[in-house]
Every structure is written in C-alpha cells, then in structure tokens.
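These notes are about the structure you will find just below.
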Amino acid sequence: MSADTPAFLAACRGEPVPYTPIWIMRQAGRYLPEYREVRSRVSFETLTRTPELAAEVTLQPLRRFPLDAAILFSDIMTPLQGMGVDLTFDPGPVVRAPIRTDAAIDALQPLVAERDVPFVLETIRLIRAAAPGNVPLIGFAGGPFTLFCYLVCGRPSKEFETARAFLYAQPEAAMRLLERLADAMAVYLGAQAAAGAQALMVFESWGGLLAPPQFERFALAAARRTLAALRSRGVPLIYYLNQGSALLEHLAALEADVIGVDWRSPLGAVRRVLGANKAVQGNLDPAALFAPPAELIAQAERVLREAGNQPGHIFNLGHGIWPQTDPDAVARLVDVVHERSARRGASA
Ligand code: CP3
C-alpha cells in the first residue's frame, strides 16, 4: 500500500505504520458537551435519521482530537426498524413486541438498504465529503447474536436470559432468526461500503455470554455468514467481541481482518492465539480514563507494550467510553498513544 495510506487502514491490514492509530468506541456521544447540546434539541432517533445531524455528531470528536478513524453515528438497532421492528430508545433500545415465535420471525422483512435506511447511506456520503482525507470512516452493524439478544429480550439486560434460553429451547427457530439477521446485516454493511464506508465493523457485544459450543454453533456461524458475504467488498472487516477471552481460539479462524477485544484479555495472549494474520483492536479499560494523568499514561503504555512491536494493532478502549468521562482525558490518551508509539518506532 502507498505511503499515504491512512495509518488506521494500514494497521487493519497488518502493514507497518509510523505510529499506532487510535479511535474510541462511542467516540461521538454524551461525554462531549457539543453532543449533549445537539441531543438537547432532538431525540436520539431523530438524530440517527437526520443525515446532517448524524454527520455533524460523527465529526464532533474529530474536531477535538486527532483521531485516526471516524465511525458512523447510528445504532446497531437502527436497520431493524427498516425490517419492521417497532423500536424506541430509552436510552437503550426497547422493542415493543419482542420476537419469540415463528410467526414473529417470519414477519421480519428482508432489508433493502436504499429503501429502508437511505438516511444512513446519505449520512455516510456527507461524512466522507467533510472528514479529513487521512481519517477513514468505519461503517458498522450489530452482530447477529447481539441483535438477537435485544429482539428476543426486548430491552437491555445483564444476562439476556430469555435470549440464551431460546437457543436451547428452540434451536431451529433461533438459527432461523440469526440467519435472517446475518443476511440483513450483510446487505446493510455492503450498502454502507458502497456509499463510502472504508472499513466495516461488526459489534458482537453480547457473544461472550455464551458457552463455547453455543457461541460456535449460533453466534459464530451467523457472523461467518455476514462476513463471508462482505469479503469481496475489499474493505477491512473488524469483528468485536466483548468478554471473549474464553472464545479466542474460535476467532482465529474467523474471516475478519481485525479482532476487537475487551480489557479482560491481555493483548499479548490474544495475539499469540490469533496469530500473525490478524490485527487486534483494543483494549484499555474505559475506567482507566478516570486515573490521574500519570497513571493514565502508564496504562496506555502498558497496552502498547502488550500489543508488541509486530504490525497490526489499533488502539481503542475495550468497550464504549462512559458518558461521565472528562474529554481532557481522551485528549491526553490520544496524544500519548501517538507520541509513545512513534517514539518506539511503532511497528515500522
Ligand atoms: O461509536 C460511536 O461513536 C458510534 C455510535 C454508536 C452508538 N451505538 C450510538 C448510541 C455505536 C457504534 C453503537 C453501537 C451499539 N448500540 C452497541 C454495540 C457497542 C456496545 O456498546 O457494545 C450496542 C450494544 C448498542 C445498543 C444500545 N444503544 C445501548 C445499550 C444504548 C444505551 C447505551 C447508553 O450508553 O446508555 C444505545 C443508545 C445509544 N447508542 C446512545 C448512543 C450515543 C445513547 C443515546 C443518547 O444519546 O441518549
């Protein structure tokens, strides 16, 4: 790839970079006063459905911090509204009629992106027109199992008991719902790439709740189906799994370029299991942003050290940034990651 390939895209492909790129999950959000200002005027749903506003909040963190990637402002549940799911946000997703029967599964419509989510595609075009050329745009979707969790349970939950029980009680129906979601997300992500997204990320936030055999049979099989349909798009594919330390061996065989992990998995061990062909993304504890400056720097350095000197590390938090976070701590983190990794020669 040429010398002016953005560091984020080079790192996704496991190529040498002059410094470790960094972006932050939920980087556009309530910890930013300028986001809260926009949200004081419109609902979250209106924000995600109004391209000018969604593009504006996507760009907000880029104006404050020299981040190495932008991520589309939307939600994992947004495309499901286009498939006929009646959904509100409070602030997490609430599904009015949770999906638990064959009839409800059959009533889900296949996603036609241009018809069902034109505002997302327009948001992507607006962001691409306005974002700096060296800051690639990440498009995203929920992992099939994570979407399944919200559809079956109807709202955020700690254990998603009803969804997990459904896998055992009605495995065939569960698989059918997962496959529908996998196919819809393949369509959705493909349309995002066509509209200009330069990398595609699948957020499988709740996959780590599963026992390894269930993870493999349901969550991983469905994610494979989505990713396989996207390979030909030619953009890096990122798969994020929360609480996946016991599932890493399964991920080594997944057709993703980058695996995102939470803070419970030491990156050195992650890289040993995944092998040299996969890049890793992560994994500072979001709580570390509340440390005094010197300790935050030490924690960022520890993550860089664990990631090692071989190419293919994208710095991030291990999960989304908390709304109570001080934006100055984010500024400090971005600077220290750039500065310390450049001084070490990153992976050059
Ligand atoms: O990262 C970004 O900056 C892009 C925007 C983004 C949002 N949601 C905006 C949002 C992304 C990538 C997501 C993904 C998402 N949504 C996930 C996967 C990542 C993860 O965090 O595990 C999940 C599980 C959801 C479902 C969801 N949406 C929840 C649980 C909530 C409530 C969370 C909270 O922080 O209270 C939402 C709502 C939501 N999505 C908000 C934002 C900024 C808060 C809405 C508000 O402004 O009121």
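The values are calculated or read from the model by the stated rules, or taken from the named source; none is laboratory data. Keep in mind it's a predicted model, so treat the numbers as computed, not measured. Counting neighbours? That spans all protein chains shown, and the Cβs are built from the backbone with ideal geometry, glycine included.
Going by the structure shown, is Glu122 under 21 Å from the mean Cα position of the chain (by Cα), more than 13 Å from the ligand (Cβ to nearest atom) and within 20 Å of Ala184 (Cβ to Cβ)?
yes
Considering only residues of segment 93-105 that are part of a loop (DSSP other than H, G, I, E, B) and hydrophobic (A, V, I, L, M, F, W, C), which is nearest to the ligand (Cβ to nearest atom)? Lay out the reasoning, then the answer.
Within segment 93-105, the subset part of a loop (DSSP other than H, G, I, E, B) is 96-101.
From the residues that got through so far, the ones that are hydrophobic (A, V, I, L, M, F, W, C) too are 97, 99.
On the way: Ala97: 18, Ile99: 16 Å.
For segment 93-105, the residue satisfying everything is Ile99.
Given the structure, is Val303 under 22 Å from Met201 (Cβ atoms), away from the ligand (no atom under 16 Å from the Cβ) and buried (at least 18 other Cβ atoms within 10 Å of the Cβ)?
On the way: under 22 Å from Met201 (Cβ atoms): yes; away from the ligand (no atom under 16 Å from the Cβ): yes; buried (at least 18 other Cβ atoms within 10 Å of the Cβ): yes.
In short, yes.
Just wondering, is there one or more residues in segment 213-226 that are in a loop (DSSP other than H, G, I, E, B) and either outside the structural domain of Phe166 (by TED's automatic domain parsing) or buried (at least 21 other Cβ atoms within 10 Å of the Cβ) (or both)?
Within segment 213-226 (the criterion being in a loop (DSSP other than H, G, I, E, B) and either outside the structural domain of Phe166 (by TED's automatic domain parsing) or buried (at least 21 other Cβ atoms within 10 Å of the Cβ) (or both)), the answer is no, since none of the residues qualifies.
Can you say whether Asp90 is away from the ligand (no atom under 16 Å from the Cβ) and either in contact with a Cys (Cβ under 9 Å, 6 or more places away or on another chain) or in the same structural domain as Leu53 (by TED's automatic domain parsing) (or both), as far as the supplied structure shows?
no
Counting just the residues of segment 21-50 that are more than 9 Å from the ligand (Cβ to nearest atom) and under 20 Å from the mean Cα position of the chain (by Cα), which one comes out surrounded by the fewest Cβ atoms within 10 Å (Cβ to Cβ)?
Glu45
A quick yes/no check of all residues on (1) in contact with a strand residue (DSSP E or B) (Cβ under 6 Å, 6 or more places away or on another chain); (2) at pLDDT below 95; (3) within 16 Å of the ligand (Cβ to nearest atom):
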{"residue": "Ala186", "(1), (2), (3)": "no, no, no"}
{"residue": "Leu210", "(1), (2), (3)": "no, no, yes"}
{"residue": "Leu220", "(1), (2), (3)": "no, no, no"}
{"residue": "Thr226", "(1), (2), (3)": "no, no, yes"}
{"residue": "Leu237", "(1), (2), (3)": "yes, no, yes"}
